[in-house]
Amino acid sequence: MQEGGPVNNAGPPPFAPPVKRSVTIAGHQTAISLEPIFWDALRRAAADADVPINALIARIDVARLAADPAPNLASAIRCWIFSRAKKNE
């Protein structure tokens, strides 16, 4: 593993600031701020599951609300993406 440099030159830069987007979950709009690499990973995961990104976020939201204490939604999404990546190693 190479240290210090970018891990992957494809896709968004790894250290870009968060981007806020509006999503609809269970009929309610909410804004989520995630770094572009997480938005990209979320889009890929939704495509892999053949579901809209809002539906995938809703699934993550249900799992997050079952946690005690429940993390905020952006944190839950980042953790879900990381967990998914670890399973796919």
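The values are calculated or read from the model by the stated rules, or taken from the named source; none is laboratory data. No experiment lies behind these values; they were computed from the predicted model shown. Ligands, DNA and RNA are excluded from the accessible area calculation, which covers all protein heavy atoms including side chains. Shrake-Rupley method; radii C 1.70, N 1.55, O 1.52, S 1.80 Å.
For the chain, what does the helix formula give at 222 nm: sum of -39500 (n - 2.57) over DSSP H segments with n ≥ 4, over the residue count, nearest 500 deg cm²/dmol?
Numbers: 3 runs with 43 residues, N = 89.
After summing the helix terms and dividing by residue count, I get -15500 deg cm²/dmol.
Counting only protein heavy atoms and a 1.4 Å probe, tell me what percentage of the range 42-83's accessible area is made up of carbon and sulfur. Kindly include the intermediate steps, with their values, before the conclusion.
Details: 1510 of 2520 Å².
Carbon and sulfur atoms account for 60 percent of the accessible area of the range 42-83.
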Using the Cα gyration tensor of the range 14-63, with a ≥ b ≥ c the square roots of its eigenvalues, what is the shape: rounded (a/c below 1.5), prolate (a/b larger than b/c) or oblate (neither)?
oblate
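Per residue, how much accessible area does the chain have with a 1.4 Å probe, in Å²? The partial results should precede the final answer.
Working: 6260 Å² over 89 residues.
On a per-residue basis, the chain sits at 70 Å².
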Residues whose placed amide H lies under 5 Å from that of Ile25, excluding near-sequence neighbours
Thr30
Under 8 Å for C-alpha pairs, at least 6 residues apart: give me the relative contact order for the chain, rounded to a whole percent.
21
